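This report concerns only the one structure given below.
The values are calculated or read from the model by the stated rules, or taken from the named source; none is laboratory data. Keep in mind the model is a prediction, meaning the values are calculated, not measured. Every residue, glycine among them, receives a Cβ derived from its backbone with ideal geometry; neighbour counts consider all protein chains shown. Accessible surface areas use protein heavy atoms only, side chains included; no ligands, DNA or RNA. Shrake-Rupley method; radii C 1.70, N 1.55, O 1.52, S 1.80 Å.
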Amino acid sequence: MAKITATNVATVVSEGHSWIGATWTSLRDAATGTSIDTSSDGTDLGVNQYSVRGATFIQIYRVFFEFDTSAISVAPSAATLQIYGRTNDKAQFYVVRATHSGAPATSDFDSIHGWDTTSAADGAGNGDQIGNTTEYSSEVTSWSTSGYNDIALNAAALSRMAADDTFAVCLIESVHDLLDVSETTASITGMYFDDDAGKEIKIDYTAGAVAVVKNSTFFGANF
């Protein structure tokens, strides 16, 4: 199997306090995040909500990164995204197609392929985006905080790895963020970044083969 390592890993965060007018709707539907985390120690994914001095504090974390797939011209026959876990393990999520390019910025909070910016969130599911996004994996529902987690990539991901020179990915929490169901506590999962020694985010893949046409009839040739 061949291996490629992720670059430009970052968590884009939308966060705010209710005492300055922040609500689930305003934060979840934000086109631009309020902060970005590129720490070498690791990052978090998911949704967090808690009280601070009588006010509500909401945080929504989405993780973005990319791979150089310029050397892949044929869709791999199989590929596994591998992410080394850390700390929390509560957030379930999908790997989805992203549209950012290069190092993520706060303006990439909704840089997700198919994301419908006209679908207003209300915390009760009316802003559900699962039918709009392109999932690259099944829902990830279990997580190790002390080793690599293997996530099988689907046919849509394999095809995109061959089609694009840069394979852009977002990890988005699936129970609350993607479905637009407001959280009341915390659904957070932790992972290491690509520049943490020995714990890089990577894809192991099996190269695809070019189809060979068999039993063809060649006219005008004498074999």
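For the chain, what % of the accessible area comes from carbon and sulfur atoms, probe 1.4 Å? Of all accessible area on the chain, carbon and sulfur atoms account for 47 percent. Computed on the chain, with alpha-carbon pairs under 8 angstrom and 6+ residues apart, the relative contact order is 34 percent.
Comparing I20, I36, I130 in a Gaussian network model of the chain where C-alpha atoms under 10 Å apart are linked, the largest mean-square fluctuation is found at I20.
Result for the chain in a Gaussian network model with C-alpha springs under 10 Å: among A168, A186, A55, the largest mean-square fluctuation is at A55.
For the range 1-54 versus the range 78-140, the spacing of their alpha-carbon centroids is 12 Å. Rolling a 1.4 Å probe across the protein heavy atoms gives the chain an accessible surface of 46 Å² per residue. Counting only residues at least eight positions apart within a chain, or on another chain, the aspartates and glutamates with an alpha carbon under 13 Å from that of K202 are E66, D68, D150, D194.
Between V181, V169, V210, the residue with the greatest mean-square fluctuation in the GNM of the chain (Cα pairs under 10 Å linked by springs) is V210. Matching the structure-derived Cα extents along the principal axes in Å against the labelled list (1) 60, 54, 34; (2) 54, 41, 31; (3) 87, 40, 28 gives the label (3). Ordering of 187-198, 132-143 by packing is 187-198, 132-143, highest average first (other Cβ atoms within 10 Å, averaged per residue).
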